[in-house]
Amino acid sequence: MHRVSPWVVASLLLLGAGAYSETSWKGVRQAVPEISRKDLEPTLGQGVLLGILGGLRTVVADATWLRSYVFWERRDRAGCEALMKTACALDPRSRFFWENTGYAVGYDFAHWEIRRRGGYAKVAPDIQEGIFRRYAQLGLAIFEDGVEHTGGNSGILISAGQLAEIKLKDNLLAAAYYRRATQAKTVPWFAYFMCARTMWEAGQKKEAYEWYRTQWLGKLKKDEDGAPDDLERLRFMEDELKVPVQLRIPRQTWEK
Amino acid sequence: MNARLTRTSWIARITFLEAIRQRFFAFLLVLSAVMVVSSVSLRFMDFGHSELKFVADFAFGGMFLFGSVLALVMTAQLFFAEIENRTALTLLAKPLSRTEFLLGKFLGTWAVLGVFVFSIAFLQGVILWSRTQELIVLAAETGRVAPDFSVSGLASFAVLQWLRLGVVAAMVLMVSAVARTFLFTVIVGAMAIVAGQLQWLAQEALLKPSDASVVTKSLLWISSRVIPNLQQFNIGDTLVLDPTAISGAAVWSVVLSGLFYLVAFLALASLAFRRREI
Amino acid sequence: MSTSSAISVQGLTKDFRVGLRGIKLRAVDNLSLEIPRGQVFGLLGPNGCGKSTTLKIVLGLIPATSGSISILGSPSATSEARQRTGFLPEAPYFHKFLTGRELVQYCARLSGVPAEKVNEAVEASLELAAMTEAASRPIGTYSKGMLQRIGLAQAIVHDPELVILDEPTAGVDPVGSAAIGRMINAMRAKGKTIVLCSHLLGQVEQVCDRVAIMDRGRLVLEGRVDEVLAQRDRHVITVADLTPQARQAAEAALAAHGATVTSITHPRRSLEDLFRELVTGSRDA
């Protein structure tokens, strides 16, 4: 019987180990949010950094964030954005990085752009508006990324709603974000009111009232935080919409 | 078989005793421990991560960085010390095969790496537990949910890191078996570790459909087979802080993968060492 | 393979490839040698003559290019052969943190001494090497002579039939050197075969039964010490009694000067002189 060279056996062992590692990698990569990002491909530098750092990602993310402040002070858009996004990549589960990156892109960069073009006096209002809208869209894209990686953090959704409201002046879009925030695992008590308010201001008054009422009766009535304030706003809506008494929310014992 | 095990275990024992006495080992252990302990006082730098994650990350970083340096330098140093001091001459003139010698060196080194990893993991566990107790009290006062960490997850992570360092040590031993100098071994070993940490990029590229050339795909395929994917061992965040996000089967598959690589590299090292003239 | 020989070397050649172009350097050139059992055999030669290479091949540390070697009837470089062989390298180095006793125990276990017999074997070898008193101290505290002696102890702890000593007295003072010489004699008395490599020709002359001299990878001389050192073409005349005619003439001549011839024998030169005549010089020079 022809004897197989031990080198062949050892090499086959190595190739086999490599083949098996594909299977094991597929099993764990989904559990590592830093690695399983879909948008990592174009940012190969981030991939390299992630690969090399191993367990120090959080610490380096913090240091990177601190460094980004230097670029923020200088109004260096490219440097600031790169470092902030790197911090997000290194610690994608952190709400803080996503939220503040979204703020910087959605609010600050537009102003820096206008100043770079000569200031508010020189740049025409419609062009300014276009710049605000463009950066607001970019900011929203960052917020969406953050929501995906933080498992639907309500704080980021609220921030997205605010950006849509203030910069895009799109109340319906803002309402959609606030509504998503009310469906998150932990919901701030004011999210429901913000959703109803923006729907109301977008002209969907009846829909706003119906939705708000359902939420109040289902979840908020028992909540000490906002229940009295929310009921006050619902009463206002009932008055505005002239809702018949028998169809209104029954009077509460503690209501003044 | 008993005689082989006895000889191998004696080589391992003496290697362990030699390694544990080295100041380099003590220095890196103390440095890692300081890093873990200092994480609590550096909390002001924490930008909104879960505080336990921030604290845990220091230990993960220490195990990763200093553990890798230890595995690389100590394995090479323990091997070349035997060659340069010519103790290898004395030992290999005895009825000790080269495979037994190499295996003994590896096991002794791996045992020291185990002491390093489990010491840091234990310290990390104490720090995390202590901070968790404080956060539980704070959470009760503010009506929030108290954070927690998984002790079994921490133990699993420590085992994975120990296995990862074993793979690194086996790789370095393979390089040592053919290299002529300690410096060359350290440089090539360091490059191999970096390649191992980045190998996941090649595997990702292969998993995704692309229009890359046959040559590129072939190179990616070869590198993904030959270079171990060390990134798969870095799942400390998930194991310790969110253990439900990863299944036991996935963790076991990483363990198996590590063991396969270990055996393969040791086999190659043994074959290369047999041809080496002492 | 000769079973009466401790070491049998047949046609041994070893080439080393040197440099990028792989130029061949022939370290051992068609060496054939029989080292009989139960004797002290001196292997001599200038630096770079190939004796250390030969020993390494005998011990299986490097492979031969061609030729064969057997140790006590078994092919060399096998576990069986190495089990019956003890080796003390030149300028031995041992782990400094180990005590002498721990080192010998370690080597005993590696050499296959069963656990239940280790202590007895260790103490016996320490006693033979005169290291019993210092055995509990770390090796890092040992002098050069003590290092050599503990090296000897680890080489013989498993009671090997063949002991190879490479420069056992290098750097050792005369007292220590003499002690090692006595240990070698004690081992020979136990029936062991000792192969001794040394540059101290005076000691080799005293201790060895047979010698072989190598130069530039080749064997130039081999035989009993007495035989190789004797000069048969020369005579030493001790003036006492001569053949009648010569004696008469010599006597008459010497008597005229008041001398008496007491004996006529063959003259004997020193090993050092013979060594210098045969070899062409050290490669280190």
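Taking all Cα pairs closer than 8 Å and separated by 6 or more residues, the relative contact order of chain C comes to 22 percent.
When accessible surface is computed with a 1.4 Å probe, chains B and C are found to bury approximately 2500 Å² between them, both chains counted.
Seen from every direction in turn and averaged, the convex hull around the alpha carbons of segment B:51-106 projects onto 4.6 nm². Shape analysis of segment C:1-112 places it in the oblate category; the axes a ≥ b ≥ c from the Cα gyration tensor give an a/c of at least 1.5, with a/b not above b/c.
Spin-label pair C:L254-A:K205: with each label point 7 Å from Cα along the Cα-Cβ axis, the two points sit 15.3 nm from one another.
Heavy atoms of the protein chains alone define the surface here; on that basis segment B:1-155 has 41 Å² accessible area per residue at 1.4 Å probe size. Per residue of peptide C:62-70, the mean number of Cβ atoms on other chains within 10 Å of the residue Cβ is 1. Inter-chain neighbour count for B:193-202: the average number of beta-carbon atoms from partner chains within 10 Å of each residue's beta-carbon is 4. Determine the sum of side-chain charges near B:A170: Lys and Arg each +1, Asp and Glu each -1, restricted to other residues whose C-beta is under 15 angstrom from that of B:A170. Net charge around B:A170: +2. The order of the peptides C:174-187, B:235-248 by mean Cβ neighbours within 10 Å, most packed first, is B:235-248, C:174-187. Among the listed pairs C:K24/C:K51; A:K185/A:K219; A:K85/A:K122; A:K169/A:K221, a Cα-Cα separation exceeding 20 Å is found for A:K85/A:K122; A:K169/A:K221. Working note: Cα atoms of segment B:162-207, range along each principal axis, descending, whole Å: 38, 21, 13. The local environment of C:V175, defined by Cβ-Cβ distances under 13 Å, has a net charge of +2 under the rule Lys, Arg +1 and Asp, Glu -1.
Residues of segment B:1-38 that bury at least 10 Å² of accessible area once all protein chains are present, compared with their chain alone (1.4 Å probe, heavy atoms only, ligands and nucleic acids left out), are B:T6, B:R7, B:W10, B:I11, B:I14, B:L17, B:E18, B:R21, B:M35.
As an equivalent ellipsoid, the protein assembly as shown spans semi-axes of 85, 26, 22 angstrom, where each value is the square root of five times an eigenvalue of the C-alpha gyration tensor, largest first.
Counting Cβ atoms of other protein chains within 10 Å of each Cβ in B:92-104 and taking the mean gives 5.
Its convex hull of Cα atoms gives segment B:1-76 a direction-averaged projected area, equal to a quarter of the hull surface, of 6.9 nm². Rolling a 1.4 Å probe over the protein heavy atoms gives segment A:101-183 an accessible area of 43 Å² per residue. Taking both sides together, the accessible area buried where B meets A is about 4300 Å² for a 1.4 Å probe. Principal-axis analysis of the Cα atoms of chain B puts helix B:248-274 at an angle of about 20° to the longest axis.
According to the Cα-based calculation, Rg over Rh for chain A is 1.17, with Rh computed by the Kirkwood formula.
For chain B, the ratio of Cα radius of gyration to the globular rule of thumb 2.2 N^0.38 Å stands at 1.12. Within the shell defined by Cβ-Cβ distances under 15 Å, the residues around A:R116 carry a net charge of +3, with Lys and Arg each +1 and Asp and Glu each -1. Secondary-structure-derived ellipticity at 222 nm for chain B, considering helices only, amounts to -28000 deg cm²/dmol, per-run term -39500 (n - 2.57) for DSSP H runs with n ≥ 4. Built from the Cα atoms of chain C, the convex hull projects on average onto 20.2 nm², one quarter of its surface area. Each principal axis of segment C:165-216 carries a Cα extent, and these read 33, 27, 16 Å when sorted largest first. Rolling a 1.4 Å probe over the protein heavy atoms of the protein assembly as shown, with every protein chain left in place, gives an accessible area that is 59 percent carbon and sulfur. At q = 0.15, 0.17, 0.21 Å⁻¹, what is the log10 ratio I(q)/I(0) for segment B:94-231, with the Debye formula run over Cα points and no solvent? Per q value, in the given order, log10 I(q)/I(0) is -0.92, -1.02, -1.20.
The values are calculated or read from the model by the stated rules, or taken from the named source; none is laboratory data. The structure presented is a predicted model; accordingly, all values stated were derived computationally and were not measured. So basically every Cβ, Gly included, is an ideal-geometry build from the backbone, and we count neighbours across all protein chains shown. Note: areas computed on protein heavy atoms with side chains; ligands, DNA, RNA excluded. Shrake-Rupley method; radii C 1.70, N 1.55, O 1.52, S 1.80 Å.
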